[in-house]
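The values are calculated or read from the model by the stated rules, or taken from the named source; none is laboratory data. Predicted, not measured: the structure shown is a model, and the values here were computed from it. Positions of Cβ are backbone-derived with ideal geometry, glycine not excepted, and every protein chain shown enters the neighbour counts.
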Amino acid sequence: MSTVTIEWIQPDGRGAGRMPEGVVRLNGVVPGDVVDFQEPGRKGRNIEGTVTAITDPSPNRVTPTCPWDAQCGGCDLSALNTAARHNALSHMVAQALRLPESPPVVRSPRATGHRARLKLSIQEDQVGYRAHRSHDLVAIDTCEIARPELNSALAALRAWITPGALKGLHTLEIRTDGTKVAYCFESSRKIEREVRDGLGALGNVALNGKVIAGDPKLFMDVAGLRLRASPLAFFQVNLEVDELLVAFVVEAIQHNQGTRVLDLYAGIGNLSLPIANSGPSVIAVELEGQSIGDLKHNAQRLALPVTAIAGKVERFDPSREAFDIVVLDPPRAGAQRVISKLLRNRPRAIIYVSCNIRSAARDLKEAQKVGYTIQSVRCFDLFPKTRHLETVIVLSR
């Protein structure tokens with residue numbers, strides 16, 4: 001049995017503290033906690049521990065208010081107050097990017113009731129989240145981080161479910177644009193007609209992206225523009241913070257006097273269209289599918305100068321296009337295979353929107369080696385109560 005004081009949060013959400021033998025990494029702790037732990041394993045100087053007791057709780061600890069918090073584990077930093085969580089995550093970003101000081105964090109206007117998408121698992125006649133690092137289903141009645149209209153939709157779903165009503169379905173995403181709600185089910189096998197027909201009673205329903213009933217397309221209001229989002233299209237989960245993030249990106253492009261912008265991983269046009277609406281022309285690249293269809297539809301309907309290109313970003317050849325600023329918003333794995341190709345064009349600025357600071361730090365090292373420097377960094381709390389943070393990094397040469 002050993003004792004350690006937790007000093008910081010790692011990108012994977014674990015708390016970490018130093019000991020003479022190395023760095024201890026533990027689940028379920030926050031900075032300021034003094035804990036007893038056992039050492040089941042070690043990797044070099046990294047000690048993988050298991051907490052046995054929190055002997056002196058952090059002064060920044062709070063009591064989670066969600067009744068499923070201990071089972072679900074989705075809100076992995078719900079025991080840390082907002083200011084301390086922001087400080088811990090901002091420090092994490094500064095360490096990853098080797099910044100001289102921690103960048104500011106833009107708060108979510110909604111501390112709870114902010115999520116516009118709920119991804120739920122289905123098991124027999126139950127819906128809920130999967131327990132932390134487990135396949136066990138945690139059936140929920142409500143979710144405090146979900147927007148009110150989603151909780152109403154969840155309640156309606158639970159009241160509707162009868163034995164066999166969800167047979168063959170494995171996941172469900174309940175989505176909202178702030179007003180309208182859609183149920184988007186997924187299945188890996190053919191669904192019986194009785195089940196398909198029954199889903200229609202829920203209202204706006206899609207199955208594997210195809211319309212079952214109503215109109216499951218949503219319409220997002222972003223920077224004064226109305227953007228269509230089909231059932232399989234991605235959009236940011238926190239509508240209010242997304243507005244603030246988009247405004248920051250547009251401002252960064254204006255500051256760097258961009259006139260022709262390349263937007264990679266463009267989605268439905270969440271960034272492309274507000275950028276184009278502010279003056280520059282935009283080339284937007286997105287994987288073939290519903291998102292690129294929405295992007296093309298939105299650009300045409302709004303009559304904005306956006307050229308949409310369908311295909312894998314990793315296979316896109318930027319040398320065939322003229323641009324002075326590149327914006328990229330890659331998935332958690334990052335854009336390692338893309339950065340080197342972008343640098344051949346020597347863009348004036350690179351604006352990297354990251355949901356995984358480790359991937360971003362790795363990707364941007366290559367740009368820094370050839371003369372790009374970090375101009376500004378802004379963090380956005382899209383995911384309150386969790387370790388996740390959206391970070392916008394602006395580099396210039």
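I need the full set of residues from the range 45-57 which are in contact (Cβ under 8 Å) with a residue 24 or more places away in the chain and surrounded by fewer than 17 Cβ atoms within 10 Å (Cβ to Cβ), in order please.
Listed by number, the residues that qualify are ARG45, ASN46, THR50, THR52, THR55, PRO57.
Just give me the residues in the range 241-269 being charged (D, E, K, R), touching a residue at least 24 places away in the same chain (Cβ under 8 Å) and under 21 Å from CYS355 (Cβ atoms), in sequence order. Result: ASP242, ASP263. Any residue at all in the range 167-189 that's more than 30 Å from ASN277 (Cα to Cα), assigned to a helix (DSSP H, G or I) and among the hydrophobic types (A, V, I, L, M, F, W, C)? No, every residue in the range 167-189 fails to be more than 30 Å from ASN277 (Cα to Cα), assigned to a helix (DSSP H, G or I) and among the hydrophobic types (A, V, I, L, M, F, W, C). Picking from residues in the range 1-44 that are among the acidic types (Asp, Glu) and either over 22 Å from LYS385 (Cβ atoms) or crowded, with 21+ Cβ neighbours inside 10 Å (or both), the one that is farthest from the chain's Cα centre (by Cα) is GLU21.
Considering (1) over 23 Å from GLY28 (Cα atoms); (2) assigned by TED's automatic domain parsing to the domain that holds ALA159, say which one VAL106 fails and leave the rest. Answer for VAL106: the failing condition is (2).
Residues in the range 86-99 that are closer than 22 Å to ARG61 by Cβ and touching a residue at least 60 places away in the same chain (Cβ under 8 Å): HIS86, ALA88, LEU89, SER90, HIS91, MET92. Taking the range 148-178 as the search range and keeping residues that are closer than 24 Å to THR65 by Cα and in contact with a Ser or Thr (Cβ under 6 Å, 6 or more places away or on another chain), which one is surrounded by the most Cβ atoms within 10 Å (Cβ to Cβ)? The qualifying residue surrounded by the most Cβ atoms within 10 Å (Cβ to Cβ) is LEU150.
Table: residues versus (1) over 20 Å from LYS385 (Cβ atoms); (2) in contact with an Asp or Glu (Cβ under 6 Å, 6 or more places away or on another chain).
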{"site": "GLY128", "(1), (2)": "no, no"}
{"site": "ARG133", "(1), (2)": "no, no"}
{"site": "ASP141", "(1), (2)": "no, no"}
{"site": "GLU149", "(1), (2)": "no, no"}
{"site": "LEU154", "(1), (2)": "no, no"}
{"site": "LEU157", "(1), (2)": "yes, no"}
{"site": "VAL181", "(1), (2)": "yes, yes"}
{"site": "GLU192", "(1), (2)": "yes, no"}
{"site": "GLY198", "(1), (2)": "yes, no"}
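Annotation: VAL211 fulfils all but one of (1) closer than 30 Å to LEU166 by Cβ; (2) part of a loop (DSSP other than H, G, I, E, B); (3) hydrophobic (A, V, I, L, M, F, W, C); the unmet one is (2). Could you say whether any residue in the range 197-207 is outside the structural domain of GLN375 (by TED's automatic domain parsing) and assigned to a loop (DSSP other than H, G, I, E, B)? Yes, some residue in the range 197-207 is outside the structural domain of GLN375 (by TED's automatic domain parsing) and assigned to a loop (DSSP other than H, G, I, E, B). Residue pairs whose Cβ atoms lie under 7 Å apart, separated by 6 or more positions or on different chains, with the first residue in the range 379-394 and without any contact (Cβ under 8 Å) to a residue 12 or more places away in the chain and the second assigned to a strand (DSSP E or B) and buried (at least 23 other Cβ atoms within 10 Å of the Cβ), do not occur. At least 1 residues being without any contact (Cβ under 8 Å) to a residue 60 or more places away in the chain, touching a Phe, Trp or Tyr at 6+ places or on another chain (Cβ under 8 Å) and among the hydrophobic types (A, V, I, L, M, F, W, C) is the threshold, and among the strands (runs of 3 or more DSSP E) wholly inside the range 270-343 those reaching it are 281-286, 306-310. Among residues of the range 184-196 that are surrounded by 11 or more Cβ atoms within 10 Å (Cβ to Cβ), those with a Cβ under 6 angstrom from a residue that is part of a loop (DSSP other than H, G, I, E, B), sequence gap 6+ or separate chain, pair up as CYS184/PRO231; PHE185/LEU169; GLU186/ASN208; SER187/GLY168; SER187/LEU169; ILE191/GLY168; VAL195/LYS167.
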